[in-house]
Amino acid sequence: MKRLMLGNEAIARGAYEAGVRVATAYPGTPSTEITEFAAKYDEIYAEWSPNEKVALEVAIGASFAGARAMVAMKHVGLNVAADPLFTVSYTGVNAGLVIIVADDPGMHSSQNEQDSRYYARASQVPMLEPADSQEALDFVKLAFELSEEYDTPVLIRLTTRIAHSQSIVTLGERMDIKLKDYKKLPDKNVMMPAMARKRHVEVERRMKALADAANDLWINRIEMGDTSIGIIASGIVYQYAKEALPNASFLKLGMVNPLPRRLIESFASKVRKLYVIEELEPVLEEQIKSWGIPVIGKEIFPVQGELSANMIVEKIAGRAPDVRPAQDLPPRPPVMCPGCPHRGIYYVMKKLRFHATGDIGCYTLGALPPLEAIDTCVCMGASVGMAHGMEKARGRDFSRRLVAVIGDSTFIHSGITGLIDIVYNQGTSTVVILDNYTTGMTGHQDHPGTGRTIKGEAITPLNLVNLIKAIGIEHVRVVDPFDLEEVEKVLKEETQREEPSVVIAQRPCALLSKEMKAPLSIDRDTCRLCGVCLRLGCPAIEKKSDGMHINQALCNGCGLCIKVCKFGAIRRAGE
Amino acid sequence: MDTRSILIVGVGGQGTLLASRILGSLFVDLGYDVKISEVHGMAQRGGSVVTHVRYGTKVFSPLVEPGTADILLAFEKMEALRWIHFLKEQGRAIINSQEIEPMSMIMGAYEYPKDLEDRIRNVCPGAVFFDALAVAKELGNIKVANTVLIGVLARFLNVEPLMWEKAIKTAVPPKTIEVNLKAFHRGYNSELS
Ligand code: SF4
Ligand code: SF4
């Protein structure tokens, strides 16, 4: 059967067909849908883990125990999971273990554009890179075979344009893969120095064998065309290059680590001018050049952002495509939704002129005007440790006007350890947890605090208040972020304390509820054009030449603006 | 057949993904190779969003490049102008007349351009403007504005309405099939300016 499938769905389908029994992940764009789709198969146990490190560890446990296991994450998630990655490279696997990592060149939804291929090289783990959804499905199945044959975890690298593109796939049946026996194997599975030293020798042997096999692996293939131009490419870049120069000769690499040296040498000898085209870092190029093969790469292609067919035509064929200039228009960056619960607390923070360390989630958007409520965004969980660091650098007085802001899912991911640090090292920071009952930015996934698993089963939700108290924080307050007076009072009181405190702002994400309340409108006669409502940064409130106006197609009826208008000009229909 | 390209643009949250899924389902039924590139994550929160749809005998890149789109389907007027240079010389633009102000305008740093239609027609004289939101409101569900626009688009592709109906039935949530089919026909049979 043929179907149009998102790359991420095809990965999940590949896992299903490969007989995977355990699939884990922490949500992160552009990888999130992989595990959402995997969870739809009854044959696969799937979970949202609290973070990527735990997700990988669960998958390693499953693999050791004899079940094929897959774990998925975005590129920065692999930083969190890097610790187990480097050592599971030594232990190898029992049943197959495949790690999907989704890079985000161009940073559509990320804080950096690191290139995960370096992780494959650094951890000595083979890495495959599919170029469409069919390959995504096929490569997952191949990855499990390689994993078991070479006793290694296997990485599969996606980029946004593979993960989030749909193309046609042919579906297969689920393979009947039995649970493998579980044996206690201390020499292989207990990585103490004496054992690890021996395993490192194995790792080198395995990578050599794989590099050799890569020369004949079907996913590395030569497509001879016009021999004046030869192009080495993998993943989405192969598609751009085929689009740009369909008649050129190609070496399409399906495996990007280790590289098939003989195949590359043979291809190089057949073409007059050799190019290696890759997004982000010159990972392939540096290796190929180190073998003395003349190849053109980053001399003409950028290391930042995404490439494109137009760019490839221009750089290689020297033909600039005939394109009209882009129009000069004000940009449209993302904003927090109408009705977003974060808007209330940010409005108060801005009013109090607080500094705030921020974190990763929808609430990062609060850094933009008009709210400009947070000062920093580095990585998951960073807000908590950074607030503590600021206090230690500038003293307790500075901390009286500073809060750390973090989401519920992010706090569970990696904010908890920062909070323990504050208690242990006698900090006095105030941490504000924006609890919107979901993982918002990635498209509303459950987490330990929501009371539901990825499969929709009801569980007892993690009790944040009890957890925080157990850490040793005495002052934990729960507020409704739309109760502006209460928020102001609580924030003032808690930041004044010479002890650490946590404020949990609880209100569900505006997109969780399907029913919208009636939109509000502004009474032109009562409105004095003071502009206070505009400071909320709600995308539904517009300033037109004839006065303030609420866009009826956008307003979600949350009522926050009623509270900030001093003249009672904003009303609900019928009131 | 050479690859053809449709670019769907709008503001995050407007439902551009559903429109591309209807097109995807249609082109698969018609036996084409199809690739669709979507935007998820941050831009979906009210940012400028774009979905690329390409179909033909064999499609390589899922992305529509500037100067290569056969059709631009815009859910918002300013977004139409932002992406208009993606159209081919003879490309067609179908534009929902809805206006959504970005935050920079709400803050008063800019005004929503009043001459958008002229600027668009300057580049693309045959541009079609259509108030899909008004039709959707009449049908009692503003979310079906995207299917109304698909109906308008369908007038320019030589495909049987029955095939469109099948694609819509596959792509939309089962409960909304009826209102979406109505929306499609309203767009398909409308008078165009
Ligand atoms: S998705 Fe939810 S949390 Fe994110 S901006 Fe929208 S309302 Fe706020
Ligand atoms: S206009 Fe007012 S009621 Fe409507 S979403 Fe914005 S803040 Fe809420």
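The values are calculated or read from the model by the stated rules, or taken from the named source; none is laboratory data. None of these values were measured; they are calculated from a predicted model. Every residue, glycine among them, receives a Cβ derived from its backbone with ideal geometry; neighbour counts consider all protein chains shown. SASA here: full protein model, heavy atoms, side chains in, ligands and nucleic acids out. Shrake-Rupley method; radii C 1.70, N 1.55, O 1.52, S 1.80 Å.
Enumerate the amide H contacts of B:ALA74 below 5 Å, restricted to partners 5 or more residues apart or on another chain; note that Pro and chain-start residues carry no placed amide H.
Amide H neighbours of B:ALA74, under 5 Å, 5+ apart: B:VAL9, B:ILE94, B:ILE95, B:ASN96.
Could you sort A:ARG571, A:ARG205 by their accessible area in this structure, using a 1.4 Å probe and putting the largest first?
Numbers: A:ARG571 90, A:ARG205 140 Å².
Solvent-accessible surface, decreasing: A:ARG205, A:ARG571.
Round to the nearest 10 and report in Å² the accessible area of B:SER25, as given by a 1.4 Å probe over the protein chains' heavy atoms.
Result for B:SER25: roughly 20 Å² accessible.
At most 15 other C-beta atoms within 10 Å and a DSSP loop state: those are the exposed chymotrypsin sites (Phe, Trp or Tyr not before Pro) I care about. Give me the longest piece of chain A that has none. Each step should come with its number before you reach the end.
Values: sites that count: A:TYR182, A:TRP218, A:TRP291, A:PHE567.
Result, exposed sites excluded: A:292-566.
How much of A:HIS549 can a 1.4 Å solvent probe reach, expressed as accessible area in Å² and rounded to 10?
Result for A:HIS549: roughly 60 Å² accessible.
Just the Cα atoms of the stretch A:273-401, one point each, no solvent: what log10 I(q)/I(0) does Debye give at q = 0.17 Å⁻¹?
The computed values of log10 I(q)/I(0) come out as -0.91.
Kirkwood hydrodynamic radius of the stretch A:466-537 from all distinct Cα pairs, in Å?
Values: mean 1/r = 0.0640 Å⁻¹.
Averaging 1/r across every pair of different Cα atoms and inverting gives 15.6 Å.
Over the protein assembly as shown, what portion of Cα pair distances is larger than 38 Å, expressed as a whole percent? Can you show the working numbers first?
Values: 127077 of 294528 pairs.
Cα-Cα pairs in the protein assembly as shown separated by more than 38 Å: 43 percent.
Taking R0 as 25 Å, what FRET efficiency do you get between A:ARG353 and A:ASP546 from their Cβ-Cβ distance, rounded to the nearest 0.05?
Values: r = 33 Å, r/R0 = 1.31.
Using R0 = 25 Å, I get an efficiency of 0.15.
Output the relative contact order of chain A, whole-number percent, from Cα pairs under 8 angstrom with separation of 6+ residues. Don't jump to the answer; show the numbers that get you there.
Numbers: 1234 pairs, mean separation 63.3, N = 575.
Relative contact order, chain A: 11 percent.
Ignoring everything but the protein chains, give the 1.4 Å probe accessible area of A:ASP523 in square angstrom, nearest 10.
Accessible surface of A:ASP523 is approximately 50 Å².
What is the Cα convex hull volume of the stretch A:342-506 when expressed per residue in Å³?
Value for the stretch A:342-506: 100 Å³ per residue.
Once each part is reduced to its C-alpha centroid, what is the distance from the stretch A:363-377 to the stretch B:1-73 in angstrom?
Between the Cα centres of the stretch A:363-377 and the stretch B:1-73 lies a distance of 32 Å.
Provide B:THR51, A:THR170, A:THR453 ordered by accessible surface of protein heavy atoms (probe 1.4 Å), highest first. Present the calculation step by step, with values, prior to reporting the outcome.
On the way: B:THR51 0, A:THR170 65, A:THR453 40 Å².
Solvent-accessible surface, decreasing: A:THR170, A:THR453, B:THR51.
Estimate the FRET efficiency between B:GLU138 and B:GLU117 by the formula 1/(1 + (r/R0)^6), using the beta-carbon distance for r and 22 Å for R0, to the nearest 0.05. Can you show the working numbers first?
On the way: r = 23 Å, r/R0 = 1.04.
For B:GLU138 and B:GLU117, the calculated efficiency is 0.45.
In the structure displayed, which of A:LYS2/A:LYS455; A:LYS178/B:LYS35; A:LYS178/A:LYS198; A:LYS208/A:LYS315; A:LYS178/A:LYS514; A:LYS2/A:LYS53 lie more than 32 Å apart, Cα to Cα?
Working: A:LYS2/A:LYS455 26 Å; A:LYS178/B:LYS35 36 Å; A:LYS178/A:LYS198 30 Å; A:LYS208/A:LYS315 35 Å; A:LYS178/A:LYS514 43 Å; A:LYS2/A:LYS53 35 Å.
In this structure, A:LYS178/B:LYS35; A:LYS208/A:LYS315; A:LYS178/A:LYS514; A:LYS2/A:LYS53 lie more than 32 Å apart at Cα.
Please report the Cα spread of the stretch A:520-572 along all three principal axes, rounded to whole Å, starting with the longest.
23, 23, 19
With a cut-off of 8 Å between alpha carbons and a minimum separation of six or more residues, what is the relative contact order of chain B in percent? Walk me through the intermediate numbers first.
On the way: 375 pairs, mean separation 40.8, N = 193.
Dividing the mean separation by the residue count of chain B yields 21 percent.
When Lys and Arg each count +1 and Asp and Glu each count -1, what net charge do the other residues less than 13 Å away from A:LYS252, Cβ to Cβ, add up to?
Numbers: positive: A:ARG221, A:LYS242; negative: A:GLU129, A:ASP132, A:GLU135, A:GLU223, A:GLU278.
Its environment carries a net charge of -3.
Taking the Cβ of B:SER190 as the center, what net charge do the other residues with Cβ under 15 Å away carry, scoring Lys and Arg +1 and Asp and Glu -1?
Values: positive: B:LYS137, B:ARG155, B:LYS182, B:ARG186; negative: B:ASP131, B:GLU138, B:GLU191.
Combined, the nearby Lys, Arg, Asp and Glu give +1.
Could I get the Rg over Rh figure for the stretch A:425-575? Both from C-alpha atoms, Rh via Kirkwood, rounded to two places. Each step should come with its number before you reach the end.
Working: Rg = 19.0 Å, Rh = 18.1 Å.
That ratio is 1.05, to two decimals.
Give the carbon-plus-sulfur fraction of the accessible surface of chain B in %, rounded to a whole number; probe 1.4 Å, heavy atoms of protein chains only.
Numbers: 3810 of 7400 Å².
Roughly 52 percent, rounded to a whole number.
Hey, what do the phi angles of the stretch A:321-334 turn into as Karplus ³J(HN,Hα) couplings, whole Hz, using 6.51/-1.76/1.60 and θ = phi - 60°, x for Gly and Pro?
x, 7, 10, 5, x, 5, 7, 8, 9, x, x, 10, x, x
In the stretch A:252-308, which trypsin sites (Lys or Arg not before Pro) are in a loop and have at most 13 other Cβ atoms within 10 Å, using DSSP for the loop call?
Numbers: sites: A:LYS252, A:ARG261, A:ARG262, A:LYS270, A:ARG272, A:LYS273, A:LYS289, A:LYS298; in loops: A:ARG272, A:LYS298.
The qualifying sites are A:ARG272.
Among B:GLU79, B:GLU117, B:GLU138, which one moves the most in a GNM of chain B with springs linking Cα atoms closer than 10 Å?
Of B:GLU79, B:GLU117, B:GLU138, the Gaussian network model singles out B:GLU138 as fluctuating most.
Only Cα pairs under 8 Å and at least 6 apart count here; give the relative contact order of the stretch B:47-141 as a rounded whole percent. Don't jump to the answer; show the numbers that get you there.
Working: 118 pairs, mean separation 22.9, N = 95.
Reported relative contact order: 24 percent.
So, how do all the Cα-to-Cα distances of the stretch A:221-317 break down into 10 Å bins, in percent, from 0 on up?
Distribution as computed: 17, 57, 26, 0 percent.
Put one equal scatterer on each alpha carbon of chain B, apply the Debye formula with no solvent term, and list log10 I(q)/I(0) at q = 0.08, 0.13, 0.16, 0.17 1/Å to two decimals.
Debye intensities relative to I(0), on a log10 scale: -0.24, -0.65, -1.00, -1.14.
Calculate how many DSSP beta bridges within chain A are antiparallel, expressed in % of all such bridges and rounded to the nearest 5. Could the numbers behind the result be given before it?
On the way: 19 of 72 bridges.
Within chain A, antiparallel bridges account for around 25 percent of the total.
Report, as a whole number in µm² per second, the diffusion coefficient that Stokes-Einstein gives for the stretch A:153-221 at 20 °C and 1.002 mPa s using the Kirkwood radius over alpha carbon pairs.
Values: Rh = 16.6 Å.
It diffuses with D of about 129 µm²/s by this estimate.
Considering only the stretch A:221-317, what is the antiparallel percent among its DSSP beta bridges, to the nearest 5?
Values: 3 of 14 bridges.
That works out to approximately 20 percent antiparallel.
Taking the alpha-carbon distance from B:LYS58 and a cut-off under 20 Å, which aspartates and glutamates remain once sequence neighbours fewer than 8 residues away in the same chain are dropped?
Answer for B:LYS58, where 20 Å is the Cα cut-off: A:ASP132, A:GLU135, A:ASP138, A:GLU223, A:ASP226, A:GLU243, B:ASP2, B:ASP29, B:ASP33, B:GLU38, B:ASP70, listed by chain and number.
Taking the simple approach of a point 7 Å from Cα along Cα-to-Cβ for both A:ASN425 and A:ALA458, what is their distance in nm?
Here the answer is 4.3 nm between the modelled labels.
Of all the stretches in chain B, which is the longest one without any exposed loop site, taking chymotrypsin sites (Phe, Trp or Tyr not before Pro) in a DSSP loop (any state but H, G, I, E, B) with at most 15 other Cβ atoms within 10 Å? All intermediate terms of the calculation are to be shown ahead of the outcome.
Working: sites that count: B:TYR110, B:PHE156.
Of all site-free stretches, the longest is B:1-109.
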